[in-house]
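A short worksheet on the structure shown next.
The values are calculated or read from the model by the stated rules, or taken from the named source; none is laboratory data. Quick caveat: nothing in here was measured; it's all calculated off a predicted structure. Because the Cβ atoms are built from the backbone with ideal geometry, glycine has one as well, and the counts that use them run over all protein chains shown.
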Amino acid sequence: MHDSHLSTAKPLFHAARDWGADLAAVADTSRLAGIETDPPDLLQGYPRAVSLAVRLSDGIMDPVTERPTPLYARHYQNVNALLDHIATRVSGLLQSWGGKALPIPASHIMDEERFVASLSHKAVALHAGLGWQGKSLLLITPRFGPKVRLVTVLTDLPLPANAPLKNRCGKCTHCVEACPAGAIKNASTDLHFAARQEAVDLDACVRQLRRNEQDTHIPPYLCGVCVSACPWGKPKRSG
């Protein structure tokens with residue numbers, strides 16, 4: 001692909017949306033310097049990261065007010081599978097343009113004690129301007145709130161990078177009040193990447209996730225209550 005064709009990422013975004021993505025943007029990976037990756041040199045040779053999001057269903061998420069539901073558990077798995085499919089298609093497109101591409105799995109916990117993956121999809125999405133970091137530490141998008149799942153494709157093609165968005169949580173405490181574990185501390189997250197321990201009691205959150213698994217017999221590490229509670233994720237209806 002000629003450099004002149006890389007002056008815009010619109011063809012890539014259009015293709016991603018045709019394949020099922022609801023949001024797409026590009027991050028400059030130099031902004032990600034210092035974040036933990038596995039392997040540590042994962043970003044080497046990849047100056048850009050394509051961040052892709054699929055919207056979660058309102059009908060699935062709205063009933064998640066106290067604990068996850070079996071429908072949410074299945075939807076979560078289906079959306080992750082769709083994201084991996086989209087990432088594979090996007091990788092193929094980038095390679096057809098003459099670039100390298102590395103799709104990172106949508107949901108793959110590498111360390112179950114620290115809850116880290118090979119790459120933080122949220123960190124990529126923040127720097128790609130898909131949304132801002134909420135008090136729950138989730139990505140909050142202007143269109144869908146936190147009702148999205150994410151995947152990332154790294155590439156060496158010099159796609160134009162997007163800029164981060166300003167935090168819009170303000171004084172809202174909906175997620176703080178809704179959390180069944182009381183794990184969200186109402187800390188300011190105006191700056192990207194607020195320290196996890198300052199914003200969320202991870203141990204309390206994990207205990208609640210494991211309790212959910214015992215009570216509902218659904219796959220581990222699912223909750224969704226703070227996702228459902230966020231006003232930014234409520235349907236915008238006219239009339």
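Residues in segment 165-187 that are under 20 Å from the mean Cα position of the chain (by Cα) and free of Cβ contacts under 8 Å to residues at least 40 places away in the same chain were compared, and the one that is nearest to LEU94 (Cα to Cα) is LEU165.
Please go through segment 31-68 and pick out each residue that is among the β-branched types (Val, Ile, Thr) and touching a residue at least 60 places away in the same chain (Cβ under 8 Å).
Listed by number, the residues that qualify are ILE35, THR37, VAL50, VAL54, VAL64, THR65.
Taken as a whole, the structure leaves LEU130 outside the set of residues that are at positive phi, part of a loop (DSSP other than H, G, I, E, B) and not polar (S, T, N, Q).
Based on what the data block shows, is GLY20 under 20 Å from the mean Cα position of the chain (by Cα) and surrounded by fewer than 13 Cβ atoms within 10 Å (Cβ to Cβ)? Answer is no for this residue. Residues in segment 188-204 that are within 15 Å of LEU139 (Cα to Cα) and in a loop (DSSP other than H, G, I, E, B): SER188, THR189, ASP190, LEU191, HIS192, PHE193, ALA194, ALA195. When segment 28-45 is filtered for residues that are buried (at least 18 other Cβ atoms within 10 Å of the Cβ) and either in contact with a Lys or Arg (Cβ under 8 Å, 6 or more places away or on another chain) or closer than 11 Å to LEU157 by Cα (or both), only THR29 remains. Across segment 205-239, the qualifying residues are those that are modelled with pLDDT of 90 or more and in a loop (DSSP other than H, G, I, E, B), and the one among them that is farthest from VAL148 (Cα to Cα) is CYS223.
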